[in-house]
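Structure first, commentary second.
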Amino acid sequence: MTKPAGSRAEQHRPRVLMFDSGVGGLSITTCIHDMIPTAGLGYLADNACFPYGDQPEPVVVGRCVQLITAALEVFPADVVVVACNTASTVTLPALRAALRVPVVGVVPAIKPAAAVSGNRRIGLLATPATIRRPYLDQLIAEFAADCTVVRVGHGALVQWIEAWVAGQPLPLDDLARVLAPLARAEVDTVVLGCTHYPLIRETLQSALPGVAHWVDSGAAIARRTVHLLQATAADWPSGEPAMGGAYPLEVALFTGSAPPQIEHYLASIGLPSERLVPHWHGNN
């Protein structure tokens, strides 16, 4: 079995294990690193089963519980963040029953979007699986009942972003067609309802210059993670970067091949990794 990353001298640092079906969770990982620069971070991507929206729910639940449990043996952490909307909607009860550490999930940021929208027209950009979830109807009914919410769910967008992280250009004409319903509806606020989407925020802003507010869950998840770390990892330093020359991202586990150029991309967003482990299945 692979040994835990980091020396014993670093084990008192707070540690967070991030999980997603692909690279989208890196958007939240960056937020957590910005807010908690002392934290040691591990990243687990079940990219062999990407995208989760195409998988039956029992498959998603089973893989999440098995892989995250095994990853905690490799990378003991104080908090697990499920940085995937699809996984969060179906796996959190099973994970919380199986794990001894707190688990944080993500939901589309409907509540903060409703708080900032001026014209009460909100766009929700998400995956088709998220668009169909009953819990989304509940969020809208509870927090944005007085708003018109235009839902756009496109299956290829996350794949375009995965390819973009690997060095391929985004198909800008296709992206403009995906976003056209939001432009026609004259929304002033867009919820980025998938953790992949903040990775291309600048491109989205250029495509929809009339949108005043772009809202995602990254900062809220980072704040929740800080709160849990303060409760579970006492005596951790809060103001200095990672100690002992440790990398912010101590280990990156991929159940499939590591994305091409991922090392360069991680460095570009301030998350160089100490170890990249492809084809990891929990029994390496």
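The values are calculated or read from the model by the stated rules, or taken from the named source; none is laboratory data. Note that this is a predicted model, so its numbers are computed, not measured. Please note: Cβ atoms are built from the backbone with ideal geometry, for glycine as well, and neighbour counts cover all protein chains shown.
Go through the residues of segment 180-199 one by one and say whether even a single one is closer than 18 Å to Thr127 by Cα, among the charged types (D, E, K, R) and either not in a helix (DSSP H, G or I) or not assigned by TED's automatic domain parsing to the domain that holds Gly25 (or both). No, that holds for no residue. The residue of segment 140-181 that is surrounded by the most Cβ atoms within 10 Å (Cβ to Cβ), among those that are of a type in the set (Gly, Ala, Ser) and in contact (Cβ under 8 Å) with a residue 24 or more places away in the chain, is Ala144. If Arg63 meets every condition in (1) of a type in the set (Lys, Arg); (2) within 24 Å of Asp188 (Cα to Cα); (3) in a helix (DSSP H, G or I) apart from one, which number is that one? Failing condition for Arg63: (2). State all residues of segment 122-139 that are surrounded by 16 or more Cβ atoms within 10 Å (Cβ to Cβ), of a type in the set (Ser, Thr, Tyr) and part of a helix (DSSP H, G or I); if no residue qualifies, say none. Selection gives Thr130 alone. Taking the listed residues Val149, Val158, Val101, Val106, the one that is closer than 16 Å to Gly193 by Cα, of a type in the set (A, V, I, L, M, F, W, C) and assigned to a loop (DSSP other than H, G, I, E, B) is Val106, with no other qualifying. Considering each residue of segment 69-92 in turn, at least one proves to be free of Cβ contacts under 8 Å to residues at least 60 places away in the same chain, in contact with a strand residue (DSSP E or B) (Cβ under 8 Å, 6 or more places away or on another chain) and hydrophobic (A, V, I, L, M, F, W, C). Screening the candidates Val116, Val59, Val107, Val81 for the property of being out of contact with any Gly (no Cβ under 6 Å at 6 or more places or on another chain) and crowded, with 20+ Cβ neighbours inside 10 Å yields one hit, Val81. Kindly indicate whether Ser88 is hydroxyl-bearing (Ser, Thr, Tyr), at pLDDT below 95 and closer than 18 Å to Pro108 by Cα. Yes: the conditions hold for Ser88. Of the candidates Ala176, Ala207, Ala166, the single residue that is at pLDDT below 95 and more than 25 Å from Ile221 (Cα to Cα) is Ala166. Here Leu67 fits the description: surrounded by fewer than 22 Cβ atoms within 10 Å (Cβ to Cβ), at pLDDT 95 or above and touching a Phe, Trp or Tyr at 6+ places or on another chain (Cβ under 8 Å).
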